[in-house]
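The values are calculated or read from the model by the stated rules, or taken from the named source; none is laboratory data. On a predicted model such as this, the values are computed, not experimentally measured, just so you know. Here Cβ is always computed from backbone atoms with ideal geometry, including for glycine, and neighbour counts include all displayed protein chains.
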Amino acid sequence: MDQKQHNWRNTVLVASLIFGMFFGAGNLIFPVQLGQLAGGNWLLATAGFLVTGTLVPFLAMLAVSVTRSKGVFDIAKPVAPWFGTVFLVMLHLTIGPFFGTPRTAATAFSMGVAPLLPKGMQTVGMLIFSAVFFGLAYFLSTKEANVVAWIGKYLNPLFLVLLVGTLLLAVFLPMGNLHQQVGEAYQSNAFFQGFLDGYNTMDGIALLALAVTVVYAIKGLGYHEDAVPKVVAKSGLLAIAAEVVLYTGLVLLGTSSLGTFKAAANGGDAFAQIVAHYTGNFGTLFTGLVVTLAVFTTAMGLFASFAQDMHKTFPKVSYKNFLRAIAVGSFVTANAGLTNIITWAVPVLMLMYPLALSLITLSLLAKYFNRASVVYRAMMLFVAGPALLDALANSPLVTKVWAAGLVNEYHHIVPFASMGLGWVLPGAFGFVLGYGLYKFSPELQTGGVILHSADVE
């Protein structure tokens, strides 16, 4: 095999790793739900969803590449070292034991196992299922190289075969056309609603964290440090392209299903109904297998990323101990119930995404201001307030009189705030202000964090 073929094969392998780590249960069920809710406005809603569901994760990969960062801490460090540590911990707790990894097991159980159990056995069944699920994820992640072998070579291709089979059945045996009833939220702002729906996948923030595992895997394939950013960019683009195709197919699957079914309570129920429609009694078992494979690959990637980044930040605690921490934490949270996980995840994501999107933007433009801290701090300062208010507006606390009044004023005063995008204009103003201070104040043109290849081990 010549060098060109070897490089292409490695690019595909790394792309499979990237895809397998972030294409999980949310990526499977949220597009189907969007298709059912958006109905005839599926095209605009899908376009918005693809921005946060595919473009933002790809830009996150590029941000890590162009700054040659070791991970989340390096991306956020220019604001301040303490902020880098706080953001890293917040991000990993969000996509890890608080929401992301518990959602993997809870979704797999609710779609694939719960329908097979009597009501009286649901709690015990979830305890046993989640214990086995997270125990196996821990075992396979104890050796970091196993992440590449298991996700890239075995689990991910099998999952793709099952998913593509479902989509092909829908193409040749459609349940309905694409001119279906449009849900209320998608009637006037379909694009922006789809944009916010993309938050639920957690991919934009997850890719900032998972990049450290990707970099480790690329180095393990024998690439020199200087070649890592290029391989990350090529492999990431390939993975994202596959994601676009599958997302669009799943949205169309959801929309066309309205010709046969009413909109389901959630994407998990919708996908289960669709599969059962095509496969009969075999549907539930098939759905459970597809979803379990999808979420298990995600859980493994999140386990490894959590342990690697946290060990690097707090080196006195070993990699394996952090793996144990996320396994136990995920097990405990998962047994609180999928509904509670989703309810509390939304406000947290409304806080985290503006911060993450701002850091990605700053990283991609960093060469124009030498990663000067003044630019980072100005933008993050103006983003933080609206992000907190967006989180409050989407939390159960909004039912309180004081919170409702505060949110109402915020929506009234700040442009796009009622759409959940109140941080955009303040963030742009903060960036311009910070860049102006950098450009016209020589004493502020220092303090940036420049990462050269020699800085990355």
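Just checking, which of Thr255, Thr260 is in the same structural domain as Thr201 (by TED's automatic domain parsing), in contact with a Leu (Cβ under 6 Å, 6 or more places away or on another chain) and not charged (D, E, K, R)? Give the derivation first.
Values: Thr260 fails: in contact with a Leu (Cβ under 6 Å, 6 or more places away or on another chain).
Checking each option against the conditions leaves just Thr255.
Could you tell me whether any residue of segment 52-69 is farther than 20 Å from Met352 by Cβ, of a type in the set (S, T, N, Q) and either outside any helix (DSSP H, G or I) or at pLDDT 90 or above (or both)?
Here is the first cut: in segment 52-69, the residues farther than 20 Å from Met352 by Cβ are 65-66, 68.
Applying the additional criterion that residues be of a type in the set (S, T, N, Q) yields 65.
With the extra rule that they be either outside any helix (DSSP H, G or I) or at pLDDT 90 or above (or both), the set shrinks to none.
There is no residue in segment 52-69 that is farther than 20 Å from Met352 by Cβ, of a type in the set (S, T, N, Q) and either outside any helix (DSSP H, G or I) or at pLDDT 90 or above (or both).
In the set (1) in a helix (DSSP H, G or I); (2) farther than 16 Å from Ala105 by Cα, Lys316 fails one condition alone, (1). Taking first residues from segment 185-209 that are farther than 20 Å from Thr297 by Cα and partners that are not in a helix (DSSP H, G or I), the Cβ contacts under 6 Å between residues at least 6 apart in sequence or on separate chains come to Leu196/Gly420.
Quick one: in segment 70-108, which of the residues that are of a type in the set (D, E, K, R) and in a loop (DSSP other than H, G, I, E, B) is farthest from Phe331 (Cα to Cα)? Once the filter is applied, the top-ranked residue is Lys77. For segment 244-261, a residue qualifies if it is within 15 Å of Leu50 (Cβ to Cβ) and among the aromatic types (Phe, Trp, Tyr), and exactly one does: Tyr247.
Being in a helix (DSSP H, G or I) and either without any contact (Cβ under 8 Å) to a residue 24 or more places away in the chain or on the phi < 0 side of the Ramachandran plot (or both) holds for only one residue in Ala345, Ala336, and it is Ala345.
Which of the residues belonging to segment 357-384 are of a type in the set (Gly, Ala, Ser) and at pLDDT below 95?
Within segment 357-384, the subset of a type in the set (Gly, Ala, Ser) is 358, 363, 366, 372-373, 378, 384.
Those that are of a type in the set (Gly, Ala, Ser) and at pLDDT below 95: Ser363, Ala366, Ala372, Ser373.
Set side by side, the residues Val251, Val215, Val182 differ, and just one is farther than 30 Å from Ala137 by Cβ and of a type in the set (Val, Ile, Thr), which is Val182.
Within segment 139-178, the residues that satisfy the criterion of being modelled with pLDDT under 85 and not in a helix (DSSP H, G or I) are Thr142, Lys143, Glu144. The set of residues from segment 205-224 being over 16 Å from Lys70 (Cβ atoms) and touching a Phe, Trp or Tyr at 6+ places or on another chain (Cβ under 8 Å) comprises Ile205, Ala206. Listed conditions (1) within 30 Å of Ala270 (Cα to Cα); (2) crowded, with 18+ Cβ neighbours inside 10 Å are all met by Thr213, apart from (1).
Selection of segment 196-210 for residues being closer than 20 Å to Gly268 by Cα and part of a helix (DSSP H, G or I) yields Leu196, Asp197, Gly198, Tyr199, Asn200, Thr201, Asp203. Among the residues here, Val245 does not qualify as among the hydrophobic types (A, V, I, L, M, F, W, C), out of contact with any Cys (no Cβ under 8 Å at 6 or more places or on another chain) and in contact (Cβ under 8 Å) with a residue 12 or more places away in the chain.
Screening Ala60, Ala131, Ala80, Ala114 for residues that are of a type outside the set (Ser, Thr, Tyr), surrounded by 24 or more Cβ atoms within 10 Å (Cβ to Cβ) and in contact with a helix residue (DSSP H, G or I) (Cβ under 8 Å, 6 or more places away or on another chain) leaves exactly one candidate, Ala60.
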